[in-house]
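Below you'll find the structure, written out as structure tokens, and then a few comments.
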Amino acid sequence: MNYKHIAFLLCIVLITSCKHEPYSLSKIEGEQININDSLVLDEAIDNYIKPYRESINKDMEAVLSYAPETYSKTDGEFNTAIGNLMADAVFEQSNPIYKKRTGNNIDMVLLNHGGIRAIISKGNITTRTAFEVMPFENSIVVVELKGQQVDSLTYYLSKAKRAHPIHGLKLTLDKDFNIKEALINGEQIKKDKVYHVATNDYLYNGGDRMRFFQVNDSVHVLDYKIRNALLDYFKKVDTIKPIIDDRFIQIK
């Protein structure tokens, strides 16, 4: 046996004879560091970013439209003016794109109540307004759903008891939150008919427990953000006039 073999055997003996105790976390310590005005401003960095900051602020304050009233997502029980505005804007801006690509029209729009993150205040509507109302990067997708899946969609809305924004769908509940009437474009929902439903990618992927979107015939990604649809809508409308209507109501 040569020296290499002896050295190798010694290593094996040493490794196997050692006892390794498992490591375990015993304590976590932390310290809060306050960020306040006491921090010294680095003028060189501030001067460097100043023109970019001013340019962005100028773009954000650009006036696009006008709101005659203040609109909030808490203004209605089952549908709100601001929610109706968002659903209508998504339809108006995305339907021409979808029609050009597929030859079909969007039948209805469904967004989520929680996706409305700010009010629209009375007065000028700016680019910043759109970013405040919709700060997320959610994009519009159109899902082809059979009537059976649309029935699951309407059942979800009847039990959610929230003002999820809709367009194209008219939903009426009775006093016990059962569906009294559900119409798409003024017609009864047909089980075997394919409906083209616009929503956002968050909901399509099961957000807010809207799992009915996953059982579909096809999905079309428009590569068009909800926020951009709002911006484009505001740019072409001098004064917005959203209202609470009868698209989603309860008869008590």
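Where a number appears in this text, it was derived from the coordinates with a stated rule and is not lab data. Here the structure is a predicted model, which is why all the values come from computation and not from measurement. Ideal geometry is used to build each Cβ from the backbone, glycine not excepted, and the neighbour counts take in all protein chains shown.
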Return yes or no: is Ile97 among the β-branched types (Val, Ile, Thr), surrounded by fewer than 20 Cβ atoms within 10 Å (Cβ to Cβ), over 18 Å from the mean Cα position of the chain (by Cα) and not in a loop (DSSP other than H, G, I, E, B)? yes
Please count how many residues of region 98-126 are touching an Asp or Glu at 6+ places or on another chain (Cβ under 9 Å) and of a type in the set (A, V, I, L, M). 4
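Within region 173-193, count every residue that is touching a Gly at 6+ places or on another chain (Cβ under 8 Å) and either among the aliphatic types (A, V, I, L, M) or within 30 Å of Pro135 (Cβ to Cβ) (or both).
Here is the first cut: in region 173-193, the ones touching a Gly at 6+ places or on another chain (Cβ under 8 Å) are 184-185, 189-193.
In the following step, the residues that additionally are either among the aliphatic types (A, V, I, L, M) or within 30 Å of Pro135 (Cβ to Cβ) (or both) were identified as 184, 189.
Count: 2.
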State whether the residues of region 68-91 include one that is farther than 18 Å from Ala198 by Cα, in contact (Cβ under 8 Å) with a residue 60 or more places away in the chain, more than 21 Å from the chain's Cα centre (by Cα) and part of a loop (DSSP other than H, G, I, E, B). yes
Would you be able to say whether some residue in region 233-247 is in a strand (DSSP E or B), among the basic types (Lys, Arg) and either touching a residue at least 24 places away in the same chain (Cβ under 8 Å) or surrounded by 18 or more Cβ atoms within 10 Å (Cβ to Cβ) (or both)? no
Among strands (runs of 3 or more DSSP E) completely within region 110-221, the ones holding 2 or more residues that are crowded, with 17+ Cβ neighbours inside 10 Å, of a type outside the set (Val, Ile, Thr) and in contact (Cβ under 8 Å) with a residue 60 or more places away in the chain are 139-146, 169-173, 194-200
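Name every residue in region 54-75 that is within 21 Å of Tyr156 (Cα to Cα) and out of contact with any helix residue (DSSP H, G or I) (no Cβ under 8 Å at 6 or more places or on another chain), in order of residue number. It would help to see each step written out before you state the result.
Looking only at region 54-75, we keep the residues that are within 21 Å of Tyr156 (Cα to Cα), and these are 73-74.
Residue satisfying the conditions is Thr74 alone.
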